[in-house]
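First the structure, in the form of structure tokens, and then the observations on it.
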Amino acid sequence: MSRRMFSRLLLCLSLLTGITAAQDGTVLRFCLRAEPKTFDPLKVDDDSSLTIRYLTGGVLVRANRQTQALEPELAESWKISKDARQITFKLRHGVRFSDGSPFSAEDVAYTVTRLMDPELHSSTGDAFRSGNGTVTTKILAPDQIAVAFSAPVVGLDRLFDQVAILSAHSAKKEATVLGPFMVAEYKPGANILLKRNPNYWKRDAQGRPLPYLDSIRLDIQPNRDVEVLRFRRGELDLINSIDTEYYDRLAASQPAVVHDAGASLDSEFLWFNQVANAPIPAYKRSWFRSASFRRAVSGAINRDDLSRVVFNGHAQPAFGPVSPANKFWFNSRLHSELYKPEAALQRLQGDGFRLQDGTLRDKDGNAVEFSIVTNAGNKYRERMAVLIQEDLSKIGIKMNVVTLDFPSLIERIAQKFNYEAAILGFQNVDLDPNGQMNIWLSSAENHAWNPQQQTPATAWEGEIDRLMREQASATDAKKRKAAFDRVQEIVVEQAPFIYLINKDALSAISPSVAGASPVILHPQTYWNAERLTIHSTTQASR
Amino acid sequence: MRSARTLACVILLVVCVLSLAANWIAPAGYAKQFREAPGAPPSTQHWLGTDELGRDRFARVLYGTRISLLLAPAAALVSTLLAAALGGLAGYVGGIWLRLATGFTDLFLSLPWLFLLITVRALLPLNASPFVSVLITFLILGLLGWAASARVLATGAHTLRSSDFVLQARASGVRGFRLFAVHVLPNLKPILYAQFWISIPVFILSEANLGILGLGVAEPLPSWGGLLRELEGMISFRDEPWRLVPLILLIVVMTSFQTLLSNETEEVAA
């Protein structure tokens, strides 16, 4: 083969594939919705900082966002003691920080010690705190370290997915990283430029160094309209999380760029105020404390319509506290509440309510009317409230929709308890039920319907307390699952939260990005950033 | 100028009549949800299509117009009366009272209006029906919107206080409230009318602002602010131009008001 023919063949190949590994000058561009509050990976508490930590931080173990299984990263293997108080890591050899210094057990010890320092006030560290004692590290060998806790920590290995290892010796602690990218430039209010870490340890199946991209530019853009416009103009390569309306508009003009990964972990729900000293009439409190009343309201809500009308089909009717997207912890024996207004009315009649001239009245003749609050500006919640208003009117319940600015709403539902019902949602990022302890324990602040109880107000709340503690102290996954399955069943039976829908994980990715495979877990689109590439033809035209 | 004023009058009249006749023109009603057809384009059944929840947009525009056009003048009346009572009397009495009233008015004008509205609205009882909530919203607008008018009226009354005919009336033995009611107040009428007319579009826009923030009239009642929220996030108007109707209507009504007002102001100046 002549030299000329060979070069032509190479050209054809590159045009056909359009991509090359480890491309020079390839930039992935997307937006952060706010300025990152910190570049210290141990102090991360906001979405923007979380993104930077994910892209720059090297972790010992990583939860695969696609399979939800734990995979080894900087640790080749690990072992948890039977009492779940100690974890021993065997570290990977030949790994270097971005500044070229070697990675060793000393760095892990330094990171864990700093993470657990109470002075740091690290929310990542809080997840490890199960007892009052201190955390100790013991370097068993340069590539082996044991971390011991004073009390059992459930799901210990998974927690290390959030811990980016820092260098014990480098002077520029936060800038010296083990992840695929490193912060190269930060222009406050404008953008952050991440450059490829030249010493990143990982290689692809063909032995080529990762990441493929040369850099990632994160533009700080709080306005979603502008973000979508820039995406349409080709100035951005992806939108990690996109609203239903924007999704549909993009789908109409560029169907290839939008991705619906299915139901996410996020849920929307409503609840009634059951606080004993709340400033609401006693007869209303007795309705709200009746499981029959709550179940009847739940049964009278057409969740299919909520999904279809409000979210244009990009949401799934909710089954209970855990989204079916959470493969391990979801209780598959549960079923979504069926829309049966007649059965709901019968349930209410069994509780002494009666329908009179189109108005539902309780046994004392009080017309059933309540207000529901939600945060102003969240059009999806407002629309859900209006649909529910119409659904409940079919069984004679009058519901007034009140939208409040967020600070006023929080004051009413968390401090003064001056409300009757509310619609809000949870953004779940943690698969493990331990992340929900602050919701289900009756003493918890986020036990929204009746928070911070001295002793459980009802038998079923006592039962949930017991089961949640049981799953938190058990080390056997099956026992934990059985306990949390029962919690889910009780929540569906008692309906303290009436779950409405689980929103789909929607994103938009330019066709110029190769290797993207959106998932439901954060970060949906760039979870495999090290393996993303930009088509060389597109890159050349930029 | 006269023809422009006539055209503005006709437009406002037609809009008012149409909104008052909403029950007959748009029998679907503003709240009925046609859930099988959310976001539908215009059709014979829904002349302006349906909104995101399947409600007839034409009906919502008419009912929303009725609410805005009926209640904004009511709020304007409340604020003008308050302004007349406070500004007019202070200007007439003069001295320390005028300085106190002017200081109080200036303080009120320096308050961040929108935040004040949001705060006051958040303090209201939750269990008000949508109709009561709309009355409360406009009442708040009226109660909080008197300050600018009061300042103008105070200056007007103070000027009248030293006019020849008031001096003559005083010399004839007319004193106190009778002097204010018989000689000063009637001469403040042109300013009062002008302030009343100026306040109407201001309150319509204020409600629209609150509505855009989701803090306006409670669902399912429509209002112009709520209707304008539909435009939020629209990337292209070419695909669904009918969604612009509430915005166009607002602009047309506001322009008509401004045309009438400019004429009114000229009369006052003359």
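The values are calculated or read from the model by the stated rules, or taken from the named source; none is laboratory data. Note that the structure is a prediction, hence the values are computed from the model and not measured. Quick reminder, even Gly has a Cβ in these numbers, built from the backbone with ideal geometry, and neighbours come from all protein chains shown.
Descriptive notes on the structure:
- Cβ pairs under 9 Å, 6+ apart, first in segment A:40-56 and more than 13 Å from A:Val163 (Cα to Cα), second of a type in the set (A, V, I, L, M) and part of a helix (DSSP H, G or I): none
Here is a yes/no grid of residues against (1) under 24 Å from B:Glu207 (Cβ atoms); (2) more than 14 Å from chain A (Cβ to nearest Cβ); (3) of a type in the set (Lys, Arg):
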position: B:Tyr92; (1), (2), (3): no, yes, no
position: B:Ala101; (1), (2), (3): no, yes, no
position: B:Pro112; (1), (2), (3): yes, no, no
position: B:Phe115; (1), (2), (3): yes, no, no
position: B:Leu124; (1), (2), (3): yes, no, no
position: B:Asn127; (1), (2), (3): yes, no, no
position: B:Val132; (1), (2), (3): yes, no, no
position: B:Leu139; (1), (2), (3): yes, yes, no
position: B:Leu143; (1), (2), (3): yes, yes, no
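- With respect to the conditions (1) in contact with a Ser or Thr (Cβ under 9 Å, 6 or more places away or on another chain); (2) away from every other protein chain (no Cβ under 12 Å); (3) assigned to a loop (DSSP other than H, G, I, E, B), B:Glu207 lacks only one, and its number is (3).
- Residue in segment B:155-175 that is of a type in the set (Phe, Trp, Tyr) and within 14 Å of another protein chain (Cβ to nearest Cβ) present: no
- Flag for A:Ser442 being of a type in the set (Ser, Thr, Tyr), at pLDDT below 90 and farther than 30 Å from B:Val217 by Cα: no
- With respect to being within 14 Å of chain B (Cβ to nearest Cβ), out of contact with any Gly (no Cβ under 9 Å at 6 or more places or on another chain) and not in a loop (DSSP other than H, G, I, E, B), A:Arg230 fits the description.
Listed here are the residues, each with its yes/no results for (1) of a type outside the set (S, T, N, Q); (2) loosely packed, with under 13 Cβ neighbours inside 10 Å; (3) closer than 24 Å to B:Thr105 by Cα; (4) free of Cβ contacts under 8 Å to residues at least 12 places away in the same chain.
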position: B:Ser133; (1), (2), (3), (4): no, no, no, no
position: B:Leu141; (1), (2), (3), (4): yes, no, yes, no
position: B:Ala148; (1), (2), (3), (4): yes, no, yes, no
position: B:Arg151; (1), (2), (3), (4): yes, no, yes, no
position: B:Gly156; (1), (2), (3), (4): yes, no, yes, no
position: B:Phe165; (1), (2), (3), (4): yes, yes, no, no
position: B:Gly173; (1), (2), (3), (4): yes, yes, no, yes
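- Contacts under 9 angstrom Cβ, first residue in segment B:1-29 being surrounded by 12 or more Cβ atoms within 10 Å (Cβ to Cβ), partner in a loop (DSSP other than H, G, I, E, B) and polar (S, T, N, Q), 6 or more apart: B:Ala28/B:Gln45
- Subset of segment A:260-287 (residues that are in contact with a helix residue (DSSP H, G or I) (Cβ under 9 Å, 6 or more places away or on another chain) and away from every other protein chain (no Cβ under 14 Å)): A:Asp260, A:Glu268, A:Leu270, A:Trp271, A:Gln274, A:Val275, A:Ala276, A:Ser286
- Filtered residue count, segment A:129-151, keeping only those that are touching a helix residue (DSSP H, G or I) at 6+ places or on another chain (Cβ under 6 Å) and either within 25 Å of A:Asp430 (Cα to Cα) or acidic (Asp, Glu) (or both): 1
- Counting only strands (runs of 3 or more DSSP E) that sit completely within segment A:336-434, those holding 1 or more residues that are modelled with pLDDT of 95 or more and within 12 Å of chain B (Cβ to nearest Cβ) correspond to A:369-375, A:398-404, A:421-426.
- Residue check for B:Ser262: part of a helix (DSSP H, G or I), of a type in the set (Ser, Thr, Tyr) and crowded, with 16+ Cβ neighbours inside 10 Å: no
- Leading residue by the ranking (surrounded by the most Cβ atoms within 10 Å (Cβ to Cβ)) among those in segment A:260-277 that are more than 16 Å from the chain's Cα centre (by Cα) and either assigned to a helix (DSSP H, G or I) or modelled with pLDDT under 95 (or both): A:Ala276
- Hits in segment A:58-117 - residues which are out of contact with any Ser or Thr (no Cβ under 7 Å at 6 or more places or on another chain), among the acidic types (Asp, Glu) and buried (at least 18 other Cβ atoms within 10 Å of the Cβ): A:Glu73
- Among the candidates A:Asp243, A:Asp225, residue that is within 14 Å of chain B (Cβ to nearest Cβ) and at pLDDT below 90: A:Asp225
- For segment B:30-51, the set of residues classified as surrounded by 18 or more Cβ atoms within 10 Å (Cβ to Cβ) and either among the small types (Gly, Ala, Ser) or within 12 Å of chain A (Cβ to nearest Cβ) (or both) consists of B:Tyr30, B:Ala31, B:Gln33, B:Pro38, B:Gly39, B:Gly49, B:Thr50, B:Asp51, listed by residue number.
- Which listed residue is more than 30 Å from the chain's Cα centre (by Cα) and buried (at least 22 other Cβ atoms within 10 Å of the Cβ), from A:Leu392, A:Leu345: A:Leu392
- On the stretch given as segment A:460-509, residues that are modelled with pLDDT of 95 or more, farther than 23 Å from A:Ala421 by Cβ and of a type in the set (Gly, Ala, Ser) total 6.
- Yes/no for A:Trp449 being part of a loop (DSSP other than H, G, I, E, B), in contact (Cβ under 8 Å) with a residue 24 or more places away in the chain and of a type in the set (Phe, Trp, Tyr): yes
- Only residues that are touching a helix residue (DSSP H, G or I) at 6+ places or on another chain (Cβ under 9 Å) and surrounded by fewer than 18 Cβ atoms within 10 Å (Cβ to Cβ) were counted across segment A:438-450, and they come to 4.
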